[in-house]
1. Can you figure out the FRET efficiency of B:GLU109 with A:VAL201, using R₀ = 30 Å and their beta-carbon distance, to the nearest 0.05?
2. Please report how far the C-alpha centroid of the stretch A:267-317 lies from that of the stretch B:497-526, rounded to the nearest whole angstrom.
3. Anyone know which of A:MET373, A:MET237, A:MET175 comes out most mobile in the 10 Å Cα GNM of chain A?
4. From the Cα gyration tensor of the stretch A:276-338, with a ≥ b ≥ c the square roots of its eigenvalues, which class applies: rounded if a/c is under 1.5, or else prolate if a/b is larger than b/c, or else oblate?
5. May I ask you to evaluate 6.51 cos²θ - 1.76 cosθ + 1.60, the Karplus curve with θ = phi - 60°, for each residue of the stretch A:61-66 and list the ³J(HN,Hα) values in order in whole Hz, giving x for glycine and proline?
6. Evaluate the Debye formula for the stretch B:389-554 with equal point scatterers sitting on the alpha carbons, no solvent, and hand back log10 of I(q)/I(0) at q = 0.09, 0.14, 0.19 Å⁻¹, in q order, two decimals.
7. Just tell me the longest site-free run in chain A, where the sites are trypsin sites (Lys or Arg not before Pro) in a DSSP loop having at most 14 other beta-carbon atoms within 10 Å.
8. Under a 1.4 angstrom probe, counting protein chains only, how are B:ASP349, B:ASP48 ranked by accessible area, largest first?
Amino acid sequence: MDTGHCGGTSLQAGAVPAGLSRRGFIRAAAGSLGLAAAADAAAALPGILPPVWRQTSDRRIRIGVVGGRFGLSFHWHEHPNCTVTAVSDLIPQRRAALQQRYACERAYESLEKLVLDPEIEAVAVFTGAPDHARHVLLCLDHGKHVISAVPACLTLDEAAALKARKEETGLTYMMAETSYYRRECMTARRLYRDGVFGEMVYCEAEYYHPWPPGSGERHNLAFHNGERTWRYGLPPMLYPTHSTAFLIGVTKERLVRVSCVGHRPVGDEMYGEAANAYGNPFDSGMAMFLTDAGHPFRCNVCWNIHAHGERAQWFGTKAALYSAGSGGQPTAVLAEGLPRQSLPDFGAALPPALRVDSGHGGSHPYLTHEFVMSLVEGRAPAVDLYEALAYTVPGIVAHQSSFRDGEQLPIADFDPA
Amino acid sequence: MRAIGAIAGVLACACCGGDAMGVPTIHPGWESAGPVEVLSRTVFEAGDAALAVAPAGSGVSWRAVVEAGPYAGQAGIRLTGSDATAAVLDLAVDGSDAGGVCLAGARGEVLWSDSGLGSLLYQPVWLEAVLDAAAGVRVQVLDGDATALLAQSPWLPVGSDLARGIDGMAVFTRGNTARFCLWERAQKPLAPLTPDNPTALRVPRAGDDAWAVVGGGAWRWETGRREVLLQTRPTERTTAFMTPTAPAEGMWRCTIRLDKGTCGGGMVVHGDRDLAQGFLAWLGGSYGNGRLMVYQYPLKCLWSGPDGIWHWDTDYVLEAEIRGGTLRARLLAADGAGILAESPSLSLDGETPVPPGMIGFQTWRGTGRFGGFGAGGETGPAAGRDSAQDLGAGWRALAGDWRWIGPPGQTLRQSASEGAATALAPMVRGARGRFRCRVTPAGAHGVSLLFQHAENGQDGFECCLAEDGTSLRTAAGKVLWTSPAVRCQAGQERVLEGIVATDRVRVRVLDAEGRSLCESVDCYVSDTNNERVGILGLRCRDGAAEFRGWEFHGEP
């Protein structure tokens with residue numbers, strides 16, 4: 001079952017105007033009629049959890065966790081429907097940290113060995129970004145369901161390969177996009193579904209994570225034991241999903257065109273067309289997208305400005321929602337008849353052991369729960385492969401645009417035919 | 001989503017509203033999804049939209065989980081008679097600005113309400129009605145886990161015929177969207193009737209003229225002891241006044257804590273209900289990293305200190321003093337031991353004399369808690385004022401025997417032989433960056449660097465060097481990482497580091513020459529750490545140690 005992408009509407013063939021996808025036509029028509037809720041229902045929007053958690057199954061998913069850095073921050077061992085069967089990292093210290101974190105004795109020296117374990121049903125891939133596609137394909141090839149850290153991939157060829165393999169195998173893929181389960185994004189999703197925004201005319205999203213030259217953060221992220229890591233010179237627009245999720249995770253629109261301007265830092269040895277493995281001269285990217293419903297969307301990813309955080313602001317015809325920002329501005333919901341207030345706490349939807357704060361806006365327990373329950377319930381997860389590629393691929397094209405002085409480029413569609 | 005034939009427990013619908021573009025629905029405007037069966041009213045309907053359900057079980061209690069949507073209307077459970085959707089009793093939460101819960105009769109007459117419950121946007125709550133042929137009906141609201149009582153009525157006489165005539169249940173909306181689940185009947189109510197229930201603790205209560213609230217919000221006592229006053233609803237500006245008139249001169253003091261996101265808060269002296277007179281000792285400026293200020297009503301700033309003084313989720317003592325025609329405000333640490341900010345003596349000679357008025361507590365765009373005053377109207381001394389020992393050079397000892405070796409500010413020795421000894425340096429503070437100290441154990445079984453430590457001790461981290469190894473712990477004691485590689489040994493100087501990088505923290509232990517001996521992995525923690533300013537502290541367990549070289553080096 002692929003709940004994210006069954007239209008289920010009664011539109012007649014030929015009713016979709018030229019230039020808009022069927023999904024975009026539904027969204028545009030619904031928005032113009034003030035029927036956002038209906039359009040969301042038509043798209044069978046997943047990602048809205050039941051109001052309260054109840055254990056509905058005794059089944060326990062047997063998972064392998066790979067990547068003893070970011071992979072330490074999830075809650076697999078605390079979920080009542082999950083068991084950590086094995087862990088793996090190439091670096092012994094990180095492998096030991098995974099064993100300690102998940103109280104798991106079984107450890108493998110590599111993912112390649114872990115996927116041979118027949119007990120493991122699913123693999124949590126929290127390896128470096130350039131390896132995600134290759135590692136996910138390896139897992140799918142061995143019959144394992146996969147949850148992967150972001151981004152899904154770094155090239156369009158990888159995107160195509162992921163789509164082909166996922167559809168061949170029928171296995172479950174989920175991308176662990178944290179912004180999707182930030183409280184602001186969850187609230188925006190609910191308000192949008194309930195029609196509070198009216199037409200979502202415009203959204204701005206940004207991911208600011210400075211690691212300037214000489215900083216401990218650069219030392220920590222870009223190097224390991226003196227060697228460069230995959231983050232060294234990483235093009236910001238190849239890491240767009242913390243931003244793009246804020247729009248796509250709310251409206252399910254698709255980004256169809258982009259113009260991106262990059263910033264070329266002067267005097268920073270990490271950036272330059274011959275300075276890193278990516279041939280990347282940009283430390284920041286500011287992209288302007290157009291959605292398949294005709295809405296503009298601004299998206300920034302910056303590695304060296306004096307600001308911090310992952311946030312968005314959503315502007316509809318009837319309401320606006322602002323995430324708190326590193327400048328001190330508070331979260332605000334502005335809508336007629338809806339008082340300014342703090343955001344709802346959706347924690348009652350989680351098993352009690354998972355009702356804890358976490359990095360990335362408290363999103364990690366939700367990601368854990370959604371992946372586990374999608375397997376238990378035999379349904380597609382909220383951020384399935386099609387959503388993941390819709391978050392990821394626009395950044396790949398934006399990066400291309402930044403090399404062409406912001407030329408507007410079309411974005412390939414990886415949704416099912 | 002399931003079609004109507006698959007829905008168990010749904011009986012009938014009394015509503016109108018359009019179908020959602022061909023989506024499978026159980027009735028127009030209603031959807032159902034599982035595996036926890038959830039009914040959703042997805043279409044806004046200004047009028048009534050009710051759907052009869054068949055609750056499992058039997059007994060005196062009728063209840064369901066209700067999650068109200070974002071509109072200014074109602075969502076709740078309806079107890080019915082022979083007509084499966086016609087109301088006999090409606091118990092609903094209200095999505096309007098005021099929020100609250102309301103029990104209404106068949107003609108819509110309000111039988112009981114509690115507006116102090118506040119807005120429940122997308123918050124699942126249990127709504128429960130308990131029927132008794134003799135006593136009538138009582139209703140209550142609990143959180144989604146049915147563990148916390150949020151509101152409760154007394155027994156309400158409704159007549160034995162009415163109570164006996166109820167034999168069905170529906171869920172309904174009126175001017176809102178909503179979701180419903182877990183509808184059921186039971187013999188035992190979710191909570192017994194209790195005199196100190198949240199409704200009874202609201203401020204002000206009906207008939208209680210000791211308090212007056214101006215500007216809305218949701219004020220209530222934290223417990224039945226009526227010592228700490230909470231303002232729990234984010235509101236533009238709300239003030240809770242103790243209505244007795246205060247003396248013309250005196251010192252007034254309260255504890256104050258502003259919750260995350262709150263833009264400001266403070267204490268009003270000699271105020272009135274029109275907010276037209278009096279003074280305001282105020283925590284304002286930058287949200288969550290602000291300043292002490294003094295205002296006079298109508299709002300005019302008399303004095304403003306520097307930013308960086310108060311922080312969210314941190315307890316303080318706030319003082320205002322009027323004597324001899326002058327006004328002074330002061331902000332102290334929670335234990336009352338250190339003055340964090342103090343206004344000069346502000347002369348009131350040039351001002352129009354302010355008649356004595358009320359003492360009040362105020363929040364602006366947010367929520368907070370106030371205490372340290374008597375419920376009868378007199379503000380009193382803050383608790384624990386002298387519980388910490390001032391060591392000088394910006395240090396405070398919370399426990400243990402701490403003394404300077406040589407000039408103050410260079411080397412601290414802790415000599416107590418039993419228990420945990422803690423000293424804090426509130427002036428050594430920061431968010432992202434590297435906290436560090438040097439330590440030489442001299443009999444201690446464990447030594448620690450506290451970093452990004454909240455002054456109230458409720459947040460922060462600890463780099464702990466013990467006899468069984470090194471660990472990274474939270475202030476609550478949760479172990480994030482351990483390693484047996486480096487242990488606490490008498491006479492061996494070590495450098496302890498705590499490194500805060502966005503929502504990741506890690507610790508490192510170095511030898512006296514700066515060579516790294518062990519380093520933890522990055523441990524992901526709450527990203528509230530990105531901006532949360534904490535202080536440096538030292539701790540030793542069961543013995544002596546000497547500390548020196550403490551510092552914080554910030555990161556951009």
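The values are calculated or read from the model by the stated rules, or taken from the named source; none is laboratory data. Keep in mind it's a predicted model, so treat the numbers as computed, not measured. Methodologically, a virtual Cβ is constructed for each residue, glycine included, from the backbone with ideal geometry; neighbour enumeration extends over all protein chains shown. The accessibility values were calculated without ligands, DNA or RNA, using every heavy atom of the protein model including side chains. Shrake-Rupley method; radii C 1.70, N 1.55, O 1.52, S 1.80 Å.
1. Working: r = 43 Å, r/R0 = 1.45.
Computed FRET efficiency for B:GLU109 and A:VAL201: 0.10.
2. 30 Å
3. Maximum fluctuation in the GNM of chain A, among the listed residues, is at A:MET373.
4. Working: a/c = 4.93, a/b = 1.57, b/c = 3.14.
Oblate is the answer for the stretch A:276-338, as a/c is 1.5 or above yet b/c matches or exceeds a/b.
5. 6, 9, 10, x, 10, 10
6. These q points yield log10 I(q)/I(0) values of -0.24, -0.62, -1.20.
7. Numbers: sites that count: A:ARG54, A:ARG59, A:ARG404.
By the stated rule (loop sites, at most 14 other Cβ atoms within 10 Å), A:60-403.
8. Largest to smallest exposure gives the sequence B:ASP349, B:ASP48.
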